[in-house]
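Encoded as structure tokens, the structure appears first; notes follow it.
The values are calculated or read from the model by the stated rules, or taken from the named source; none is laboratory data. Given the structure is predicted, the values throughout are model-derived calculations rather than measurements. Every residue, glycine as well, gets a Cβ built from its backbone with ideal geometry; the counts of neighbours run over all protein chains shown.
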Amino acid sequence: MKHVAGKPKILPITGAGAMAQAMRQINPDVVAAFPITPSTQIVEDFSQFVADGKVDTEFVTVESEHSAMSACIGASAAGGRVMTATSSAGMAYMWELLYVAASMRQPVLMSLVNRALTGPINIHCDHSDSMGARDSGWLQIYSENNQEAYDNLVMAARIAEHDDVRLPIMICQDGFIISHSIQTMQIEDDAAVKAFVGAHKPYHPILDTKNPVTWGALDLQDYYIEHKRGQEQGMKNALRVIEEVSVDFAKKFGRKYNLFETYRIEDAEIVMVAIGSAAGEIKEVIDELRTKGEKVGLLKIRSFRPFPYAQIAKALSHAQIITVLDRSASFGAHGPLFVEITTSVYNYCDNRPLLLSHTYGLGGRELSMQMIEHVFAESRICLDKGEVNGRQGMWLNVRGD
């Protein structure tokens, strides 16, 4: 389809391709990345944009993901807007530097395509990579589909670089399910995206030699905890900033996002909570069950870090049973999303609904619509009995279970 200046393009594109287009439109100063499945297309497409002169970006080809994040931190401290993309073991190789980026308050933008962590070796989707990094100090925004992944990345710089936040951000999409699936979506006009994102404002850049600064200094017991408390305040501020930027995005482009999405939960007795691409299938099952008289609904997480405890508790205040689907395992404990939802409901809500925990989809295992319907049926059984004994912590669609 021919692109008309000032008009958005409607086109079929993969989730990874959409992220590369958002990166092109943001036109960062520096991108340092090492390709890894299933995020490879993001880096490949963007490197072609660099080669074709469509961006002004300095593309740094590094020998590893550890080096990629090191280069990103250095470039950000020097005063640049910086981006990268990775998945799974690639992000795990960045582990040490994830904490450095956050503690140095460098707003690095990461496109994370969720993939299972080894071992055994697996290239398919679950959330073990991002959930493993949930306490690293990075903002985490999750996407249900290609359009959301693109939109979230367009908003990312405004959120991360805000003076009240100044924290790195990862925009997450499910590997292969989103990254390699072609969906028809809207790519906004280049000039409109550029105007929305705005110019990057360096914060005490190292290259400003007239105003010398030190980044990454030794920080012992005399100040360390104060700096950590500062990171926490940035996270808290991000709840407000995410909402503000999302409101501006809706005014500009017409698509409205919140910290989370609710679907038919106003009168729902049974509410399922999930993250990512599974939400689409859950909505379809909800529509079908509603025709049969079942009062069911969905709460889909968008912002996992920071986690909107009070807001979620209010949204879930009328639910009688809440069923949480985790696409990562916290071995020896309940899944990370279940723990956060439990904290939210029991600390910020007057009622005490039943809570049911399920682990699903590890290593790309299918979550069918029939399985979702089964989980709703289990939830109904628990609600009728008034207890979840014997059904807590179940793993879905597992042989021999």
If you go through Asp208, Asp219, the only one that is outside any helix (DSSP H, G or I), touching a Gly at 6+ places or on another chain (Cβ under 8 Å), assigned by TED's automatic domain parsing to the domain that holds Arg166 and over 23 Å from Ala156 (Cα atoms) is Asp208
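Which one of Ala22, Ala16, Ala85, Ala102 is hydrophobic (A, V, I, L, M, F, W, C), under 23 Å from the mean Cα position of the chain (by Cα), closer than 22 Å to Arg158 by Cα and part of a strand (DSSP E or B)? Steps first, answer last, please.
On the way: Ala22 fails: part of a strand (DSSP E or B); Ala16 fails: part of a strand (DSSP E or B); Ala102 fails: part of a strand (DSSP E or B).
Only one candidate passes the filter, namely Ala85.
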Answer yes or no as to whether Asp135 is part of a loop (DSSP other than H, G, I, E, B) and crowded, with 24+ Cβ neighbours inside 10 Å.
no
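Can you find a residue that is assigned to a loop (DSSP other than H, G, I, E, B) and touching a Pro at 6+ places or on another chain (Cβ under 7 Å) anywhere in the stretch 182-189? Walk me through it before giving the result.
Start the filter on the stretch 182-189 by keeping residues that are assigned to a loop (DSSP other than H, G, I, E, B), which leaves 188-189.
The next check asks that each one be touching a Pro at 6+ places or on another chain (Cβ under 7 Å); those that pass are 188-189.
Yes, there is a match, as at least one residue in the stretch 182-189 is assigned to a loop (DSSP other than H, G, I, E, B) and touching a Pro at 6+ places or on another chain (Cβ under 7 Å).
Of the residues that sit in the stretch 25-45 and are farther than 13 Å from Thr86 by Cβ and of a type outside the set (D, E, K, R), which one is nearest to the chain's Cα centre (by Cα)?
Here the residue is Ile26.
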In the stretch 249-258, anything in contact (Cβ under 8 Å) with a residue 24 or more places away in the chain, assigned to a loop (DSSP other than H, G, I, E, B) and in contact with a Phe, Trp or Tyr (Cβ under 9 Å, 6 or more places away or on another chain) is listed as Arg255, Tyr257
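Does Ala333 satisfy the criteria of being in a loop (DSSP other than H, G, I, E, B), on the phi < 0 side of the Ramachandran plot and touching a residue at least 40 places away in the same chain (Cβ under 8 Å)?
Details: in a loop (DSSP other than H, G, I, E, B): yes; on the phi < 0 side of the Ramachandran plot: yes; touching a residue at least 40 places away in the same chain (Cβ under 8 Å): no.
So Ala333 fails the test.
Quick check on this structure: which one of Met91, Met110, Met170 is in contact with a Pro (Cβ under 9 Å, 6 or more places away or on another chain) and either crowded, with 21+ Cβ neighbours inside 10 Å or at pLDDT 95 or above (or both)?
On the way: Met91 fails: in contact with a Pro (Cβ under 9 Å, 6 or more places away or on another chain); Met170 fails: in contact with a Pro (Cβ under 9 Å, 6 or more places away or on another chain).
Answer to the selection: Met110.
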Filter the stretch 291-324 for residues that are over 24 Å from the mean Cα position of the chain (by Cα) and not in a loop (DSSP other than H, G, I, E, B); the one that is nearest to Phe338 (Cα to Cα) is Ile321
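Do you know which residues across the stretch 349-381 are under 21 Å from Asp267 (Cβ atoms), free of Cβ contacts under 8 Å to residues at least 60 places away in the same chain and assigned to a helix (DSSP H, G or I)?
Keep residues of the stretch 349-381 that are under 21 Å from Asp267 (Cβ atoms), which gives 349-356, 372-373, 375-381.
Retained after the next criterion (residues that are free of Cβ contacts under 8 Å to residues at least 60 places away in the same chain): 349-356, 377-378, 381.
Answer for the stretch 349-381, where residues must be under 21 Å from Asp267 (Cβ atoms), free of Cβ contacts under 8 Å to residues at least 60 places away in the same chain and assigned to a helix (DSSP H, G or I): Ala377, Glu378, Ile381.
One line per residue, one yes/no per condition, for (1) of a type in the set (D, E, K, R); (2) modelled with pLDDT of 95 or more:
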| position | (1), (2) |
| --- | --- |
| Gly175 | no, yes |
| Ile182 | no, yes |
| Ala192 | no, yes |
| His200 | no, yes |
| Lys210 | yes, yes |
| Thr214 | no, no |
| Ala217 | no, no |
| Ile225 | no, yes |
Within the stretch 259-290, residues being in a loop (DSSP other than H, G, I, E, B), surrounded by 14 or more Cβ atoms within 10 Å (Cβ to Cβ) and touching a Lys or Arg at 6+ places or on another chain (Cβ under 7 Å) number 5
